[in-house]
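The values are calculated or read from the model by the stated rules, or taken from the named source; none is laboratory data. Small disclaimer: the values here were computed from a predicted structure and weren't measured. Cβ: placed from backbone, ideal geometry, glycine included. Neighbour counts: every protein chain shown. For the accessible areas, the whole protein counts, side chains as well, though only heavy atoms, and no ligand, DNA or RNA atoms are used. Shrake-Rupley method; radii C 1.70, N 1.55, O 1.52, S 1.80 Å.
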Amino acid sequence: MHRSTRARGAPPGGPGGGAPAKLREHIGAAARDERAAALDAWLKGMFPAHLPGVSLVAVGGLGRRDCAPYSDLDLVLLHNGAAGIDRIAASLWYPIWDARLGLDHSVRTLPEALSVAHDDVKVSLGLLDARHVAGDAGLSAELVAAASDQWRRTAVRLLPQLKELTTARWASHGELAFLLEGDLKEAAGGLRDVTILRAIGRAGVADTMRPAVRAANLRVLDTRDALHLAVGRRVDRLVAQERAAVAELLDLDDGDALLRRVAGDARTIAHALDDAWRAADRLRGRRRGLPAGSPARRPVARDVVEQDGELVLARTAIGPVPDPSLSLRLAAAAATVQLPIARATSEWLASFCPPLPNPWPPPARAALVSLLGSGPGLLPTWETCDRYGLTDAWLPEWARLRSLPQHHPIHRYTLDRHLVQAAYEATAYAREVERPDLLLIGAFLHDVGKGRPGDHSVVGAPIAAEIATRIGLPPADVATIEKLVRLHLLLPDVATRRDLSDPKTISSVAEAVGDAGTLDLLHALARADSRATGPAAWSDWKGRLMAELVSRVRTRLDTGELPEPPAPDPELLEGGLPAVHLDGDRIAVAAADRRGLLGQVAACLAMHRLDVVAANTVTVDQRAIVEFLTQPRYGTPYDPVALAADLRRVAAGDVSVTQRVRARAMSARGGTASPRVVWQRGAATDAAILELRAADSAGLLYRVATALDEAGADVRAARISTLGGDVVDAFYLVGSWADEAERDRVGAAVLAAV
């Protein structure tokens with residue numbers, strides 16, 4: 001059920017509550033204009049009558065008549081020095097605040113307003129939307145005309161400042177087209193950028209508000225209307241939990257359809273602004289007195305020249321039958337030299353470049369590898385090519401991948417951007433592998449199976465092989481690409497979920513990988529994939545675990561021998577009890593052997609705000625040693641003196657240390673989805689693996705370890721893998737666990753603890 005959306009005290013024209021059909025009446029250009037008219041009438045009714053030389057001017061959304069259901073009001077009280085202006089202002093602002101409306105206000109004379117706008121580009125842009133609401137219409141008209149004239153005269157000087165502010169905003173809010181939870185106003189390609197496009201157009205720099213941009217702007221405005229109505233307050237970030245309601249209000253099939261529409265519109269807006277910035281740069285160059293006449297043309301690559309800061313085709317390239325690899329070669333050149341492709345050139349290639357043959361000729365394949373390995377130039381160049389449909393001509397599969405949402409919370413980007421980002425991240429590891437070309441192609445194709453039923457690694461492998469064959473790779477390289485895609489999750493999954501000291505773990509990975517060259521490719525791909533996914537998918541501890549796994553598997557592949565597992569610290573084996581060793585993120589405790597030690601130490605670590613990412617236990621001559629790999633929960637280092645003291649008390653059997661943590665942990669239950677227990681028998685040398693897949697929550701390791709102990713299960717090792725708000729925790733339980741009834745009993749105990 002939708003929440004009521006009428007704020008208490010709201011003026012006429014505000015949204016009303018009700019069912020989606022009723023709420024839809026408040027979405028669209030007509031509804032926004034109606035809200036603006038109602039607000040105008042309300043403000044006019046409050047404005048004192050017969051006040052010459054004083055006027056109320058709307059800027060922002062109200063000035064443009066683009067009022068969202070819960071927009072703030074941006075108002076300027078303009079005057080010519082009239083007496084009592086503070087009293088007049090108070091009579092206006094206080095009723096607005098009483099109505100619980102957001103208000104951005106200023107009180108200025110005409111010269112003051114123009115003076116501030118002369119040096120502050122934000123104010124200057126705001127005044128371009130100025131519209132008379134009440135009072136002296138002549139005074140308002142003077143401001144509107146003077147602000148517009150001043151902008152035309154000062155825009156070339158102010159645009160660099162505006163571009164700097166815009167770039168900083170983009171860095172903070174990201175790109176709306178590729179974000180799963182983007183800000184409709186502030187992200188690149190959002191409504192704030194449309195305001196800038198209007199301003200650049202008003203300055204006469206370029207034709208910025210083309211029909212496609214205007215249509216995209218209207219759809220994003222509609223989306224913001226629906227978002228306000230769904231949430232019941234002003235909000236511009238389209239978060240996951242609101243997508244379904246917003247999609248319903250917009251008559252879209254589902255949240256994925258909504259994200260794809262927003263992504264397409266954001267791309268249109270962002271691309272138009274890129275073109276506008278380049279036009280502004282060219283204008284500033286001419287103003288600085290650069291030579292007049294035809295712009296110089298500089299050869300950049302075969303069939304590609306630079307002209308006026310953009311790449312265009314050489315005249316000889318435009319023949320009766322253009323080279324099918326021309327668009328790819330131009331894209332590779334653009335990404336390498338980090339220059340944009342001219343709009344007219346992109347349009348010509350989209351219309352006249354012939355399709356690539358199957359298989360591709362060597363120049364096209366080489367150009368693709370150069371493009372994927374170009375580094376910082378890859379992302380903007382790929383986006384330009386995608387905008388004009390060139391990518392669909394190269395890879396027909398791209399249409400299905402474009403703007404496809406990835407719903408797991410660790411993913412920051414849509415699928416298409418994630419794939420391009422992974423190729424970009426892979427360039428950092430190109431010198432670590434024998435075949436950097438296969439690394440780049442594998443990174444670019446590793447998730448092509450997503451969006452189809454089944455395990456995306458298995459589903460995507462034959463798709464990637466088909467693409468690799470079409471690209472023209474030889475059969476051996478096609479087989480490598482297929483293997484990289486099928487196994488791209490092997491190393492991170494094993495490193496974070498399996499005991500790396502277990503010989504069976506190392507043997508199984510070595511058998512799956514096959515050779516050291518493939519191992520290096522998979523290691524580089526796993527790191528690139530993690531970094532392209534988002535901050536939650538990568539950490540230093542994950543990197544160390546993968547490096548340790550790769551080192552052990554390499555020993556097996558190179559020598560055929562299994563590396564010896566690391567021995568416990570001799571001091572823990574021979575010193576007095578209890579013993580505690582702290583070494584950064586590695587924490588070890590030795591105590592007299594007893595049940596429950598793993599869970600009790602885990603509770604103590606939780607009390608000191610340390611998250612456990614791996615745990616090993618071993619018993620030698622009635623001496624239990626538990627070793628943990630940890631990371632600070634909030635990034636704050638632990639107090640080693642206090643932690644060591646508490647650990648010694650716990651190891652000595654003092655349960656009072658963790659009493660409060662245990663009480664809080666037992667009351668914590670995470671998530672709404674049902675947890676699962678999965679048994680992996682035969683995957684360990686002397687144990688069965690119980691995998692718990694559940695929502696993360698405080699004290700989870702303590703609760704599960706305690707439940708296993710009470711059920712009589714002996715935990716040899718544990719791996720704790722957190723992915724966003726979920727965990728996949730693996731517990732090595734000593735024994736064969738062949739009895740299904742026993743497995744069910746222990747699994748039920750674990751689920752009850754979760």
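What strands (runs of 3 or more DSSP E) lie completely within the stretch 58-139 and have 2 or more residues being buried (at least 19 other Cβ atoms within 10 Å of the Cβ)? Steps first, answer last, please.
Details: elements: 73-79, 103-109, 131-135.
Ranges flagged: 73-79, 131-135.
It is to be established whether one or more residues within the stretch 209-221 are in a helix (DSSP H, G or I), under 19 Å from Leu415 (Cβ atoms) and modelled with pLDDT under 95. So that I can check it myself, show each step before the final result.
Filtering the stretch 209-221 for residues in a helix (DSSP H, G or I) gives 211-221.
Okay, now just the ones that are also under 19 Å from Leu415 (Cβ atoms), so none.
No; the residues of the stretch 209-221 include none that is in a helix (DSSP H, G or I), under 19 Å from Leu415 (Cβ atoms) and modelled with pLDDT under 95.
Within the bounds of the stretch 282-294, is there any residue that is assigned to a helix (DSSP H, G or I), at pLDDT 95 or above, open to solvent by 40 Å² or more (accessible area, probe 1.4 Å) and more than 20 Å from Phe178 (Cα to Cα)?
Within the stretch 282-294, the subset assigned to a helix (DSSP H, G or I) is 282-287.
Still in the list and also at pLDDT 95 or above: none.
Checking the stretch 282-294: not a single residue is assigned to a helix (DSSP H, G or I), at pLDDT 95 or above, open to solvent by 40 Å² or more (accessible area, probe 1.4 Å) and more than 20 Å from Phe178 (Cα to Cα).
Is it the case that some residue within the stretch 437-455 is farther than 23 Å from Val678 by Cα, free of Cβ contacts under 8 Å to residues at least 12 places away in the same chain and assigned to a helix (DSSP H, G or I)? Walk me through it before giving the result.
Residues of the stretch 437-455 that are farther than 23 Å from Val678 by Cα, as a first pass: 437-452.
In the following step, the residues that additionally are free of Cβ contacts under 8 Å to residues at least 12 places away in the same chain were identified as 452.
Add one more test, that the residue is assigned to a helix (DSSP H, G or I), and what stays is none.
There is no residue in the stretch 437-455 that is farther than 23 Å from Val678 by Cα, free of Cβ contacts under 8 Å to residues at least 12 places away in the same chain and assigned to a helix (DSSP H, G or I).
Out of Gln241, Gln150, I need the residue that is under 19 Å from the mean Cα position of the chain (by Cα) and either open to solvent by 10 Å² or more (accessible area, probe 1.4 Å) or at pLDDT below 95 (or both). Which one?
Numbers: Gln150 fails: under 19 Å from the mean Cα position of the chain (by Cα).
Every option except Gln241 fails the conditions.
Please find, among Arg703, Arg719, the residue that is open to solvent by less than 20 Å² (accessible area, probe 1.4 Å), outside any strand (DSSP E or B), within 17 Å of Gly599 (Cα to Cα) and touching a helix residue (DSSP H, G or I) at 6+ places or on another chain (Cβ under 7 Å).
Values: Arg719 fails: outside any strand (DSSP E or B).
After ruling out the rest, the residue left standing is Arg703.
Restricting the first residue to the stretch 623-634 and requiring it to be in contact (Cβ under 8 Å) with a residue 24 or more places away in the chain and aliphatic (A, V, I, L, M), which pairs with a second residue that is surrounded by 19 or more Cβ atoms within 10 Å (Cβ to Cβ) and in a strand (DSSP E or B) meet a Cβ separation below 6 Å and a spacing of at least six or different chains?
Final answer for the pair search is Ala624/Ala591; Ile625/Ala590; Val626/Val589; Val626/Thr617; Leu629/Val613; Leu629/Ala614.
Would you check if there is a residue in the stretch 21-43 being in a strand (DSSP E or B), open to solvent by less than 60 Å² (accessible area, probe 1.4 Å) and touching a residue at least 24 places away in the same chain (Cβ under 8 Å)?
From the stretch 21-43, those in a strand (DSSP E or B) are none; that's our starting set.
No, the conditions are met nowhere in the stretch 21-43.
Looking at the stretch 235-261, I want the residues that are under 16 Å from Ala216 (Cβ atoms) and have a partner that is open to solvent by 70 Å² or more (accessible area, probe 1.4 Å) with Cβ atoms under 7 Å, at least 6 apart or on another chain. Which pairs are those?
Arg261/Arg219
Out of the helices (runs of 4 or more DSSP H) lying entirely within the stretch 532-627, which hold 2 or more residues that are open to solvent by 20 Å² or more (accessible area, probe 1.4 Å) and at pLDDT 85 or above? Before the answer, list the steps.
Numbers: elements: 540-559, 570-574, 597-607.
In the stretch 532-627, 540-559, 597-607 are the helices (runs of 4 or more DSSP H) which contain 2 or more residues that are open to solvent by 20 Å² or more (accessible area, probe 1.4 Å) and at pLDDT 85 or above.
What single numbered condition from (1) buried (at least 17 other Cβ atoms within 10 Å of the Cβ); (2) small (Gly, Ala, Ser); (3) touching a strand residue (DSSP E or B) at 6+ places or on another chain (Cβ under 7 Å) fails to hold for Ser346?
(3)
Within the stretch 153-176, which residues are open to solvent by less than 70 Å² (accessible area, probe 1.4 Å) and among the small types (Gly, Ala, Ser)?
Correct list: Ala155, Ala168, Gly174.
Could you tell me which numbered condition Asp149 fails, if it satisfies all but one of (1) part of a loop (DSSP other than H, G, I, E, B); (2) without any contact (Cβ under 8 Å) to a residue 24 or more places away in the chain?
(1)
Please list, ordered by first then second residue, the pairs with beta carbon atoms under 7 Å, 6 or more apart or interchain, first in the stretch 665-687 and under 20 Å from Ala748 (Cβ atoms) and in a strand (DSSP E or B), second modelled with pLDDT of 85 or more and among the hydroxyl-bearing types (Ser, Thr, Tyr).
Partner pairs satisfying both residue conditions: Ala687/Tyr732.
Consider Leu143 carefully, then state whether it is open to solvent by less than 20 Å² (accessible area, probe 1.4 Å), at pLDDT 95 or above and under 22 Å from Ala276 (Cα atoms). Even if it seems obvious, please write down each step before you answer.
Working: open to solvent by less than 20 Å² (accessible area, probe 1.4 Å): yes; at pLDDT 95 or above: yes; under 22 Å from Ala276 (Cα atoms): no.
Criteria not met by Leu143.
When you look at Val458, is it farther than 28 Å from Ala266 by Cβ, hydrophobic (A, V, I, L, M, F, W, C) and open to solvent by 40 Å² or more (accessible area, probe 1.4 Å), yes or no? Before you say what the answer is, go through the steps one by one.
Numbers: farther than 28 Å from Ala266 by Cβ: yes; hydrophobic (A, V, I, L, M, F, W, C): yes; open to solvent by 40 Å² or more (accessible area, probe 1.4 Å): yes.
So Val458 passes the test.
Can you tell me which residues in the stretch 465-500 are of a type outside the set (A, V, I, L, M), under 28 Å from Val728 (Cα atoms) and either in a loop (DSSP other than H, G, I, E, B) or touching a Ser or Thr at 6+ places or on another chain (Cβ under 7 Å) (or both)?
Lys483, Arg486, His488, Pro492, Thr496, Arg497, Arg498, Asp499
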